[in-house]
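The values are calculated or read from the model by the stated rules, or taken from the named source; none is laboratory data. This is a predicted model, so every value here is computed, not measured. Here the Cβ positions follow ideal geometry from the backbone for every residue, glycine too, while neighbour counts run over all protein chains shown. Ligands, DNA and RNA are excluded from the accessible area calculation, which covers all protein heavy atoms including side chains. Shrake-Rupley method; radii C 1.70, N 1.55, O 1.52, S 1.80 Å.
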Amino acid sequence: MRQNVSKYMLKAIRLSEKSVVKGGGPFGAIIVKDGKIVAQAHNSVTIMNDPTAHAEILAIRKACKKLRTFDLSGCVIYTSCEPCPMCLSAIYWAHIDKICYAASNLDASAIGFDDSFIYKEFELDPQLRKVKSEQILRELSLDAFRMWRDKDDKVLY
């Protein structure tokens, strides 16, 4: 089993190298279920001009499409680097069982990928964050929440 873990991580690391060659950031991710790779991706932020095109996000999207579900329970994600806040959140929302990573967030920070400020922002009141927030039309927005609450055939996620 340990040999497979190393094999998957090595593949994620190779994807991170492939990304650098193609002009992307140095990150790769593999999603495995029942011992089989169901998705793989490398960072494509600069390639796709999409700030959400991180390796983990793209791999999650591919895995969900392939498995025809939004719930990736039973899956393990292998990433070449510890996931950023966005990717970590997506991993939780996808219900992935386990994260295996190679480089740490400190390693990433050392080459310019420092996400520590985002973690600090989460702790602040919305009005004190770098990106200002303003809540408007709250009461009107709650109509959709009531519709969801009262819907008999909703799909929980």
Check your understanding: Using the Karplus equation 6.51 cos²θ - 1.76 cosθ + 1.60 (θ = phi - 60°), what ³J(HN,Hα) coupling, rounded to whole Hz, does each residue of the range 104-112 give in order, writing x for Gly and Pro?
Key -> 8, 5, 5, 4, 5, 4, 5, 10, x
Exercise for review: Heavy atoms only, probe 1.4 angstrom, no DNA, RNA or ligands counted: give me Asp150, Asp115 ranked by accessible area, highest first.
Suggested key: Asp150, Asp115
Revision key, fill the gap. For the range 30-157, averaging the sequence separation of alpha carbon pairs under 8 Å that lie six or more residues apart and dividing by its residue count, the contact order in percent is 18 percent
Exercise for review: Whole number in Å², please: accessible area per residue of the chain, 1.4 Å probe, ligands, DNA and RNA not counted.
Suggested key: 69 Å²
Practice item. For Glu139, tell me the accessible area in Å² from a 1.4 Å probe, rounded to the nearest 10. Key: 120 Å²
Review point. Who wins for biggest fluctuation among Pro85, Pro26, Pro51 in a Gaussian network model of the chain, springs between alpha carbons below 10 Å?
Key: Pro51
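What do you get when you divide the Cα radius of gyration of the range 1-69 by 2.2 N^0.38 Å, with N the number of residues?
Here the Cα radius of gyration is 1.10 times the empirical estimate.
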Check your understanding: For the chain, the longest stretch holding no trypsin sites (Lys or Arg not before Pro) located in a DSSP loop with at most 14 other Cβ atoms within 10 Å is which?
Key -> 1-67
Check your understanding: Who wins for biggest fluctuation among Val21, Val131, Val38 in a Gaussian network model of the chain, springs between alpha carbons below 10 Å?
Key -> Val131
Check your understanding: Taking H as built 1.01 Å from N, whose amide H comes closer than 5 Å to the amide H of Cys75, not counting residues under 5 places away?
Key -> Asp97
Practice item. Specify which labelled value, from [x] 1.34; [y] 1.20; [z] 1.04, agrees with Rg/Rh (Cα atoms, Kirkwood Rh) derived from the coordinates of the model shown. Key: [z]
Review point. With every protein chain kept in the model, how would you rank Thr46, Thr69, Thr79 by accessible area, 1.4 Å probe, largest at the top?
Key: Thr46, Thr69, Thr79
Review point. Quick one: ranking Leu124, Leu142, Leu72 by accessible area, 1.4 Å probe, largest first, what do you get?
Key: Leu124, Leu142, Leu72
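For Arg68 and Asp153, what does the FRET efficiency come to when R0 = 22 Å and r is the distance between their Cβ atoms, rounded to the nearest 0.05?
Values: r = 19 Å, r/R0 = 0.86.
Here the calculated transfer efficiency is 0.70.
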**Study point:** Calculated FRET value between Arg129 and Ile37, using beta carbons and R₀ = 35 Å, to 0.05
**Key:** 0.40
**Study point:** Count of Lys pairs (Cα-Cα under 29 Å; at least 8 positions apart or interchain) in the range 96-157
**Key:** 4
